[in-house]
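Report on one structure; see the data block that follows.
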Amino acid sequence: MIKIQFKIRFTDFICNIRNDLNDKLGSYSIYLKVKDEFIALINQHQGILHKICNLYFYRNPYKEDYYQEMLIRLWKAYPSFGNQSKFSTWLYRVALNTAIDIIRKQSLQPRHAELSKFEYNIPEGEPGIESDQKDKLHQAIDQLSDIEKAIIILHLEEHSYREIGEIIGISEGNAGVRLNRIKNQLIKILANGKY
Amino acid sequence: MENIDLKMMWHNANIQNLEDFSGETKIEEIIRMNHSKVTAKVLSDIKLKIILYSTISAIYFGLMFYAFVYLGLHLSLVSILPLSVVGLFLITQTITEINRFLVFTKNTDNLSLKESVICFHRKLNRIKTVDFLSYLILLYLLAIWIIRGYLRDIGGFQNLSGSNAMQTFILILIVILFLIPWFLKYQNNQRYRKIDSSLIESMKLLNDEED
């Protein structure tokens with residue numbers, strides 16, 4: 001009798017382990033699928049991330065690092081992407097939020113935690129690569145606030161007022177009004193050197 | 001026309017920019033990490049400080065408890081004063097670092113930009129309030145403790161005399177303790193003034209109705 005009971009318990013135990021393993025393998029295969037899907041989508045839209053990085057961290061020695069931080073936070077936020085909007089719209093929202101968040105958190109630090117050049121392996125600047133026009137545009141954009149930068153990049157990347165409104169969190173009409181002001185401001189900066 | 005020029009400039013600038021990011025990005029390797037190098041360094045610095053301050057605080061307060069409660073040690077005010085200042089420093093540093101850690105680890109990436117501005121502003125206000133309240137409570141408690149200790153040392157209110165140098169010193173110290181939290185509040189407002197005004201400006205920009 002005891003022998004039978006032991007046999008039943010042992011079988012249950014083995015069954016439980018097998019079920020657990022199946023569950024874990026199942027969720028692991030789902031994880032791998034999701035990861036591959038994410039990597040493919042990022043590869044497809046990598047240009048967006050580089051553009052946002054350049055917009056907020058142009059000539060910043062930690063630009064590559066912030067790019068990595070954006071990727072990591074996109075990956076962490078990916079489960080919340082529910083296909084309700086286009087992937088690029090979601091990507092813009094998360095990446096812009098991350099870039100702005102990095103800048104804000106930097107200003108909260110008593111001093112910027114810096115890694116040495118040796119530690120971080122920062123390449124020396126290569127003069128002559130950047131054109132005047134590119135620098136001029138980035139310097140002009142740099143005079144805008146973080147939110148204004150976000151609105152202008154969305155416009156320059158051919159997003160509609162509706163999409164701009166959705167990413168920024170304002171109405172379509174309001175997006176149009178803000179955008180016109182920012183465009184005029186930017187043009188004035190480009191023409192006069194400052195607003 | 002101006003619009004087309006802006007787009008053209010942006011397009012040309014990005015052709016060069018994308019060429020600058022020449023290295024192949026190893027996405028799989030990157031997403032395996034918890035944070036990038038700089039962020040990880042900032043967070044590990046904060047964590048280290050939290051561990052350091054909380055460990056020293058635990059040892060310090062453990063020793064104080066052992067000495068004053070278990071052994072029933074009675075010290076004069078002059079001896080207690082430096083001990084309480086050390087304790088105060090440890091507590092406020094621990095609170096500040098924990099507060100900073102919470103701010104650095106909480107993200108609102110999935111929200112719209114407007115909502116995340118509002119969230120961050122709320123968070124910043126919370127940091128300032130927690131900082132102010134923790135200093136206010138601790139310093140006021142310390143002041144009360146000093147008054148109580150001094151009165152006990154001299155044997156009550158009836159022995160207070162206006163001409164005593166020690167009393168003048170204690171009075172100045174208490175006034176300073178009562179004023180420090182307000183001074184720190186002012187200093188905090190100055191420290192966060194730039195980011196605070198930028199957040200308010202952003203909120204104003206996003207809140208304005210179509211005009």
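Nothing in this text is a laboratory measurement; each read-out follows from the coordinates by a stated rule. Every value quoted in this text rests on a predicted model; they were computed, and no experiment measured them. As a convention, Cβ positions derive from the backbone with ideal geometry for all residues, glycine included, and neighbour counts pool all protein chains shown.
In degrees from 0 to 90, rounded to the nearest 10, what is the angle of the helix A:146-156 Cα long axis to the longest principal axis of chain A?
Once rounded, one gets 90 degrees.
Cα atoms only: what Rg and Dmax, in Å, come out for the range A:4-87?
21.5, 74
Do any trypsin sites (Lys or Arg not before Pro) in the range B:28-125 lie in a DSSP loop with no more than 15 other beta carbon atoms within 10 Å, and if so, which? Display every interim value, and only then the final one.
Values: sites: B:Arg32, B:Lys37, B:Lys41, B:Lys47, B:Lys49, B:Arg100, B:Lys106, B:Lys114, B:Arg122, B:Lys123; in loops: B:Lys106.
Passing both the DSSP loop test and the Cβ count: B:Lys106.
With an 8 Å cut-off on Cα pairs and a minimum separation of 6 or more residues, tell me the relative contact order of chain A in percent. Write out the running numbers ahead of the final one.
On the way: 96 pairs, mean separation 34.3, N = 195.
Relative contact order comes out at 18 percent.
Within a 10 angstrom radius of each residue's Cβ in A:165-172, how many Cβ atoms of other chains show up on average? Whole number is fine.
Whole-number average of other-chain Cβ neighbours for A:165-172 is 4.
What distance in nm separates the two pseudo spin-label positions at B:Leu136 and A:Thr11, each 7 Å out from Cα along the beta-carbon direction?
For B:Leu136 paired with A:Thr11, the spin-label model returns 6.9 nm.
Mind jotting down the three principal axis lengths of the range B:18-108 based on Cα atoms? Whole angstrom, largest first.
The Cα atoms of the range B:18-108 stretch 72, 22, 20 Å along the principal axes, largest first.
A:Ser29 to B:Phe89: FRET efficiency via 1/(1 + (r/R0)^6), r the Cβ-Cβ distance, R0 51 Å, to the nearest 0.05? Spell out each step's value before the answer.
Working: r = 53 Å, r/R0 = 1.04.
Rounded to the nearest 0.05, the efficiency is 0.45.
Normalised by the number of residues in chain B, what is the relative contact order in percent for Cα pairs under 8 Å and 6+ residues apart? Before the final figure, lay out each step's value.
Values: 86 pairs, mean separation 44.9, N = 211.
Over chain B, the number comes to 21 percent.
Past the 14 angstrom mark, what percentage of all C-alpha to C-alpha distances in the range A:63-102 do you count?
Numbers: 329 of 780 pairs.
Result for the distance tail: 42 percent.
Taking the Cα atoms only, what angle lies between the long axis of helix B:77-105 and the longest principal axis of chain B, rounded to 10 degrees?
Orientation of helix B:77-105: about 20 degrees from the principal axis.
Roughly how tilted is helix B:37-65, in degrees to the nearest 10 and between 0 and 90, from the longest Cα axis of chain B?
On a 0 to 90 degree scale, this one is about 10.
Hey, how many Å between the Cα centroid of the range B:92-106 and the Cα centroid of the range A:32-54?
32 Å
Run the Debye formula on the Cα coordinates of the range B:97-165, all scatterers equal and no solvent, and tell me log10 I(q)/I(0) at q = 0.15, 0.19, 0.24, 0.26 1/Å.
Debye intensities relative to I(0), on a log10 scale: -0.65, -0.83, -1.03, -1.10.
Longest segment of chain B with no GluC sites (Glu not before Pro) in a DSSP loop having at most 11 other Cβ atoms within 10 Å?
Of all site-free stretches, the longest is B:25-208.
What number, in nm² with one decimal, is the all-direction average of the projected area of the convex hull of the alpha-carbon atoms of chain B? Mind dumping the intermediate values first?
Numbers: hull surface 83.7 nm².
With the hull built on Cα positions only, its mean projection is 20.9 nm².
About the Cα centre of the protein assembly as shown, how large is the charge dipole given +1 on each Lys and Arg Cβ and -1 on each Asp and Glu Cβ? Please answer in debye to the nearest 20.
Numbers: 48 positive and 43 negative charges, 317 e Å.
So the magnitude is around 1520 debye.
Tell me, what is the Rg over Rh of the protein assembly as shown, with Rh the Kirkwood radius over Cα pairs? Don't skip to the end; give the middle numbers.
Working: Rg = 28.9 Å, Rh = 25.9 Å.
Result: Rg/Rh = 1.12.
If I model a spin label at B:Trp182 and A:Gln133 as a point 7 Å from the Cα along the Cα→Cβ vector, what separation in nanometres do I get?
According to this spin-label approximation, the distance is 6.0 nm.
With each label point set 7 Å from Cα along the Cα-Cβ vector, what nm distance links B:Met166 and B:Arg193?
4.3 nm
Report the percentage of all Cα-Cα pairs in chain A whose separation exceeds 25 Å, rounded to a whole percent.
Values: 10080 of 18915 pairs.
Result for the distance tail: 53 percent.
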